[in-house]
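Data block below; observations after.
The values are calculated or read from the model by the stated rules, or taken from the named source; none is laboratory data. Bear in mind the structure is a predicted one, so any value in this text is a computation, not a measurement. Neighbour counts run over all protein chains shown; Cβ positions are idealised from the backbone, glycine included. Just so you know, the surface numbers come from the protein's heavy atoms only, side chains and all, with ligands and any DNA or RNA stripped out. Shrake-Rupley method; radii C 1.70, N 1.55, O 1.52, S 1.80 Å.
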Amino acid sequence: MDGSKFDLKKYFIKKHTIIKDEQIFEPIYIPECLVHREKELSLLASYFKSTIYKNSINSGGSVKSGKQLIIQGSVGLGKTVVVKQFGLTLEDYCQNRAEDNIIRISFFHMNCRRQRSWYLIFTSILRHLVPAFPIRGFSADELLTYLIKIVKERNQGLLICLDEIDYLLTESKGQDLLYSLIRHHEGVSLNEQAQISLILITRNPHFQTFLDPALLSSLSNSVIIFEPYTYSQLLDILLQRAQRGLNERGYSDDILKAITSIANKSGDARYAIELLWRSAKVAEQQEAKEIEFEHVRKAQISVFPIKHSIVTDLSPQLKSVLLSLALLLKCDKDRAFVTTKEVREKYNEICIYSQLKPRKQTQFWLYLQELEKQGLVELEVHNTHHNGKSSGRTTLIGISDFPVDELLHLLEVNSSSSHTS
Ligand SMILES: Nc1ncnc2c1ncn2[C@@H]1O[C@H](COP(=O)(O)OP(=O)(O)OP(=O)(O)O)[C@@H](O)[C@H]1O
Ligand SMILES: [Mg+2]
């Protein structure tokens, strides 16, 4: 201890030397120009174009039925940001254009990892449309019926983006509701239609194989695939962020190129942007005037090509399973994998300590599969041998592409909130 008083003011008035505008690096920031996604934006516009016009007066001037589209692509390729920008621009364009025969369209972006049930999705849309709507006491099916009724009465359109849709379809009931949402206009006369269009976003390249055939045929193969960004595309995206968010003297072209080369393995724009931001932070902490390669190297340790929110949004049970695995791997640094039995034992211990009810083997196994689906763990089935003879199979578990210390930190920071449920 040096005995000097902690000076809060010193930190508050400390000026950024490299970062000009921190908001430019926040996840909710949407740049007005999405470089290298013009093609995808124009595909969206042509696909939904017909839905904005009313049917001719001869057909009653009613709205057209909605359309559905799937968007597929791996992490950080701009799926969310492109759809958000499209939806918000469409909503804006369709305001007050009744004289052009254009209907009003309301856009809703729903993250199905956060709003994990149809009930939550429908309540949040209904609350926006009708703030006084009495939500309690309804089932998800009833809420859907109300939603259709309200949209029909208003003679407007609804464009709902169900982002990370996989989280809603884990049970067959989830698929049934999606089916009802898509086919609600069947058997309804043209004048009575409600227009609800859907954009389903998934990272899973095999998404369609999980859909039951009726649902698959309804989605009628309308898919836009987002390809990973190339080196030069990523460089342009980084340059745009750097120009807006950093002081001109705080970075060089060579630094942007170095970050791009690192992110180029996955073509992931989120990773590239976060690495740039963290490098700027490291440089500022070290009171440097501009970002240097060493700052990028340091920053790289703390940026991972996986979203922290995937871990922090896990249920308390899933967090406990993951925590058990992380603790075991941390204790035994020489092993990349541990056995299911070991994780189960640790999990039981953690449940007692954190007042969670330990689940039975079948449910525990489902938790492991869920974590694997979310890309957090790797499961490897091995045949075991005893005295040269096969003696069964065992499953080994490891952590995918995520440093154990970082995972423990994330889980522990969150444990106070999760251990109470
Ligand atoms: N073409 C682009 N121009 C500018 N910024 C972009 C572009 N594409 C992506 N980004 C930025 O990269 C980050 C990741 O984009 P986004 O969240 O849309 O990815 P995603 O494909 O939805 O990823 P995930 O599957 O992980 O949800 C965001 O900060 C976004 O603003
Ligand atoms: Mg997304």
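Applying the criteria of a DSSP loop state and at most 13 other Cβ atoms within 10 Å to the trypsin sites (Lys or Arg not before Pro) of the range 28-110 yields R97. Rounded to the nearest 10 square angstrom, H409 shows an accessible area of 110 square angstrom against a 1.4 Å probe. Ligands, DNA and RNA are left out, and with a 1.4 angstrom probe the accessible area of the range 37-225 is 46 Å² per residue. Need one word for the range 308-418: rounded, prolate or oblate. Basis is the Cα gyration tensor (sqrt eigenvalues a ≥ b ≥ c); a/c below 1.5 gives rounded, then a/b vs b/c decides. Prolate, since a/c reaches 1.5 and a/b exceeds b/c.
On a C-alpha basis, how far is the centre of the range 77-125 from the centre of the range 213-258 in Å? Whole number, if you could? Using only Cα atoms to place each centre, the spacing works out to 22 Å.
Please say if the range 72-138 is rounded, prolate or oblate, where rounded means a/c under 1.5 for a ≥ b ≥ c the square roots of the C-alpha gyration tensor eigenvalues, and otherwise the choice is prolate for a/b larger than b/c and oblate otherwise? It comes out oblate by the Cα gyration axes. Farthest toward the positive end of the dipole of the chain, out of L159, Y353, T89, is the Cα of Y353, where the dipole comes from beta carbon charges about the Cα centre. When the C-alpha to C-alpha distance is required to be over 25 Å, the pairs from K265/K373; K330/K389; K39/K281 that qualify are K330/K389; K39/K281. Each of T362, T339 has its accessible area taken with a 1.4 Å probe; listed largest first, they run T362, T339.
Within the shell of other residues whose beta carbon sits under 13 angstrom from the beta carbon of F138, the net charge comes to +1, with Lys and Arg scored +1 and Asp and Glu -1. Annotation note: GluC sites (Glu not before Pro) in the range 48-156 located in DSSP loop regions with a Cβ neighbour count of at most 13 within 10 Å are absent. Please label the shape of the chain as rounded, prolate or oblate, based on the square roots a ≥ b ≥ c of the eigenvalues of the alpha-carbon gyration tensor (a/c under 1.5 means rounded; beyond that, a/b larger than b/c means prolate, else oblate). Oblate is the answer for the chain, as a/c is 1.5 or above yet b/c matches or exceeds a/b. Can you pull the percent of the chain's accessible area that's carbon plus sulfur, 1.4 Å probe, other chains left in place? Within the chain, the accessible surface is 53 percent carbon and sulfur. For the peptides 242-248, 69-75, residues were scored by their other Cβ atoms within 10 Å and the scores averaged per peptide; the highest-first order is 69-75, 242-248. In the chain, helical runs assigned H by DSSP with n ≥ 4 each contribute -39500 (n - 2.57); averaged across all residues and rounded to the nearest 500, the mean residue ellipticity at 222 nm is -14000 deg cm²/dmol. Think of a 1.4 Å ball rolled over the protein heavy atoms: the range 308-418 then has 55 Å² of accessible area per residue.
A simple spin-label model places the labels of E372 and K333 2.9 nm from each other, with each point 7 Å out along Cα-to-Cβ. Once all protein chains are placed together, H16 keeps about 90 Å² accessible to a 1.4 angstrom probe. Determine the relative contact order of the range 308-418: mean sequence separation of Cα pairs under 8 Å and six or more apart, normalised by residue count, in whole percent. The value is 34 percent.
Ordering of 195-201, 24-30, 280-286 by packing is 195-201, 280-286, 24-30, highest average first (other Cβ atoms within 10 Å, averaged per residue).
Based on Cα contacts under 8 Å between residues 6+ apart, the chain shows a relative contact order of 17 percent.
One quarter of the surface of the convex hull around the alpha-carbon atoms of the range 80-231 equals 10.8 nm², the direction-averaged projected area.
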